[in-house]
């Protein structure tokens, strides 16, 4: 009998070992599945972070381009303003160098029609300055 009991005990131990091995295998499968889920989540999070980074870089480039456009607009505006100021200064210099009464008298003497009143065209003032040598 002791052989039967010993055989049954051995079978029982083998059965326990098989169950333990089975549980270990199941746990390894669960751990691998959990690792795969974590890896998937990490990859998804990485993709989201990369997409956010790309969006931020795109937004930064767009802002830089807009700033550059604004700088060019401001430079062009400043250049136009400077040109206008230079033109005004030139007109004021010509008007100061070619007094209205002298220009009218000169124009009449040379046969150029000019009104008795009103503004004298800048070109006529320039002609006067050139003709009289009063240009500076």
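Just so it is clear, none of the values below were taken in a lab; they were calculated from the coordinates. None of the values given here were measured: they were computed from a predicted structure. No Cβ is skipped: glycine too gets one built from the backbone with ideal geometry, and neighbour counts run over all protein chains shown.
Calculate how large, on average over all directions, the projected area of the Cα convex hull of region 91-136 is; give the answer in nm² to one decimal.
That works out to 2.9 nm².
Taking N as the number of residues in the chain, what value does Rg over Cα atoms divided by 2.2 N^0.38 Å take?
Normalised Cα radius of gyration, the chain: 3.43.
Between residue 38 and residue 67, what FRET efficiency comes out of the Förster formula 1/(1 + (r/R0)^6) with R0 = 35 Å and r the beta carbon distance, rounded to 0.05?
In this case the efficiency is close to 0.25.
Please sort 104-111, 60-67 by packing, taking for each peptide the average over its residues of neighbouring beta carbons within 10 angstrom, highest first.
Sorting 104-111, 60-67 by mean packing, highest first, produces 104-111, 60-67.
What's log10 of I(q)/I(0) for region 1-76 at q = 0.21 Å⁻¹, Debye sum over Cα points only, no solvent?
Rounded to two decimals, the profile gives -0.94.
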